Amino acid sequence: MSDALKQTVQEAFNEPGCATNRAKPAEARKKGCARPLTPGAAAGGCAFDGAMITLQPIVDVAHLVHAPLACGGNSWDNRGSASSGPMLYKTGFTTDLTELDIVMGKGEKKLYAAIREIVQNHAPPAIFVYATCVTAMIGDDIAAVCKAATEAFGTPAIPVDVPGYAGSKNLGCKLAGEMMYRHVIGTVEPERTTECDINIIGDYNLNGELWQIKPLLDRLGIRILGSLSADARYRQVAMMHRARVTMLVCSHALIGLARKMEETWGIPFFEGSFYGISDTSQALRTMCRMLVERGAPADLIDRCEALIAEEEAGARAALAPYRPRVEGRRVLLYTGGHKSWSVVSALQELGIEVVGTSVRKATEADKARVVQIMGDETHMYENMAPKDMYATLKAAKADILMSGARSQFVALKARTPWIDVNQEKHEPYAGYMGMVDLVRAIDRSVNNPVWEEVRRPAPWEAARPATGLRLAATSQDPAPGPVNDPKDFEDC
């Protein structure tokens, strides 16, 4: 690992904005937050994967992976981040390095040529160049190539020096934010600013979740000036330094970026969630209050309360038919981060009992909120092996498992309904409308008649009436036919 990358990683570990980190002694901070990987267990992605997850939703940028083909192919389009316009981010670009390129030292030349080709054929506002394990280990200087290409072609080429071996996926998310802070944010001035401009950090518009929130903000006159990186354009990221308030949706990974923006440009931030009725309302209230404190019209708070009252009434009316069908159901929640508590809160609003929630990737503040919502730590889980998850589903008599796609087969093996609430999901669950969609999905899954059929004993498990023993066939029989020997277990 290069000295520059070591320094960047060390700075990411020593994050003063993280409450967990502040509670550690100085020596422990240097070791960071990532736990050693368990041999044989899924690592959950590398640092390069985390950087791609964080930045690829910037939809008008060309994302160029400087690597052999596999790195680009395995990381391309692995999430459902949606765009309201440009689709360039859905095109996978890679320098496709071969062994010969590596041996002959042609990596940097090939990268330069790839940038030129992208500029000529696609004319994007910027190109993000991702380092990978291979190109970092052979010493390709992507920062120097990006600088030369930017000067030659007039299109910003942004180095994302986050190779996979730097650490975990979570670290990659942090470093991606750091790359934006160093190279992009503050490089473009908006044509106009308003007193109601905000940034949203840590939302990725999975299946259009941001689009369930944006109409609410539009009605309040609040503009999303900067986004990292839900349905974002390059200029939006570059203009984030002129927002009045930042909302941090995924606090664990990008709190360092929010903290640095506050220190550099004086933009205060708050942590919030758009999952559930109460949390959505609370996020809107906090956002409006902070905007008013920074100069927005005072009536914004009254208009916010009026909008909340109207939306909550509409959502609760839409939920009423479903409540009797889901109320009292028992859910095991296996997700992470802020969803550890925000989804719990949303489910409890519906009268659904949460028998356990995982707190993977959750901060101490997240865990404290889980305790506050659920009463104690009894139902909090860290990483759970499949066999433990299976046992918990059975022991807790859970009616449904809500998790990511990797756990779906555990649920199916336990003959338990399953709903995807992670990044691979196909429905948006954010905001008031999203809550109705979530309850509809729970009802559709829990009350599906297929489960009654699945839980019945299989035909071969049912008791059969005894038929007695028949005589075994002899050599004088005209045809061998079925053998009546009781030792032949296939005769059934």
Show that you can apply the helix-only estimate: for the chain, add -39,500 (n - 2.57) for every DSSP H stretch of four or more residues, divide by all residues, and state [θ] at 222 nm to the nearest 500.
-12500 deg cm²/dmol
Within the stretch 184-233: Cβ-based charge dipole about Cα centre, in debye rounded to nearest 20 (Lys, Arg +1; Asp, Glu -1):
80
What pairs from Lys339/Lys367; Lys6/Lys169; Lys397/Lys425 go past 18 Å between their alpha carbons?
Lys397/Lys425
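Give the peptides 167-177, 182-192 in descending order of average Cβ contacts within 10 Å, highest first. Mind showing how you got there, number by number?
Values: 167-177: 25.3, 182-192: 16.1.
Most protected by this proxy first, the peptides run 167-177, 182-192.
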Return the whole-Å distance between the Cα centroid of the stretch 279-315 and the Cα centroid of the stretch 339-373.
24
Take each complete run of DSSP H in the chain, measure how far its Cα atoms stretch along the helix's own axis, and keep only those covering 20 Å or more with mean Kyte-Doolittle hydropathy at least -1.0; list them.
107-122, 169-183, 251-265, 277-293, 299-319, 431-446
Could you pull out every residue, at least 5 positions away or on a different chain, whose amide H is within less than 5 Å of the one on Ile400? Hs are placed 1.01 Å off N in the peptide plane, and Pro or chain starts have none.
Arg330, Leu332
Could you give the radius of gyration (one decimal) and Dmax (whole number) of the Cα atoms in the chain, in Å?
27.0, 104
Find the Cα radius of gyration of the stretch 106-209, compare it with 2.2 N^0.38 Å by division, and give the number to two decimals.
1.24
Per residue convex hull volume, Cα atoms of the stretch 283-420, in Å³
127
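Once you have the Cα-Cα distance between Ile301 and Arg182, take 0.36 nm times their residue separation minus that, and quote the gain in nm to one decimal. Each step should come with its number before you reach the end.
Numbers: separation 119, 0.36 × 119 = 42.84 nm, distance 3.49 nm.
Additional length available on full extension: 39.3 nm.
What does the charge count around Ile277 come to, taking other residues whose C-beta lies under 14 Å from its C-beta (Lys +1, Arg +1, Asp -1, Glu -1)?
Numbers: positive: Arg285, Arg316, Arg323; negative: Asp279, Glu310, Glu311, Glu312, Glu349, Asp437.
Net charge around Ile277: -3.
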Phi to ³J(HN,Hα) by Karplus 6.51 cos²θ - 1.76 cosθ + 1.60 over the stretch 61-66, Hz, x for Gly, Pro
8, 8, 9, 9, 9, 8
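Using a probe radius of 1.4 Å on heavy atoms only, what accessible surface per residue do you get for the chain? Whole Å² is fine.
Numbers: 23170 Å² over 492 residues.
Counting only protein heavy atoms, the per-residue value for the chain is 47 Å².
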Calculate how large, on average over all directions, the projected area of the Cα convex hull of the stretch 311-389 is; give the answer in nm² to one decimal.
5.9
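The values are calculated or read from the model by the stated rules, or taken from the named source; none is laboratory data. Keep in mind the model is a prediction, meaning the values are calculated, not measured. When we count neighbours, we look across all protein chains shown, and the Cβ atoms used for this are built from the backbone with ideal geometry, even at glycine. The area values use the complete protein model at the heavy-atom level, side chains included, leaving out ligands, DNA and RNA. Shrake-Rupley method; radii C 1.70, N 1.55, O 1.52, S 1.80 Å.
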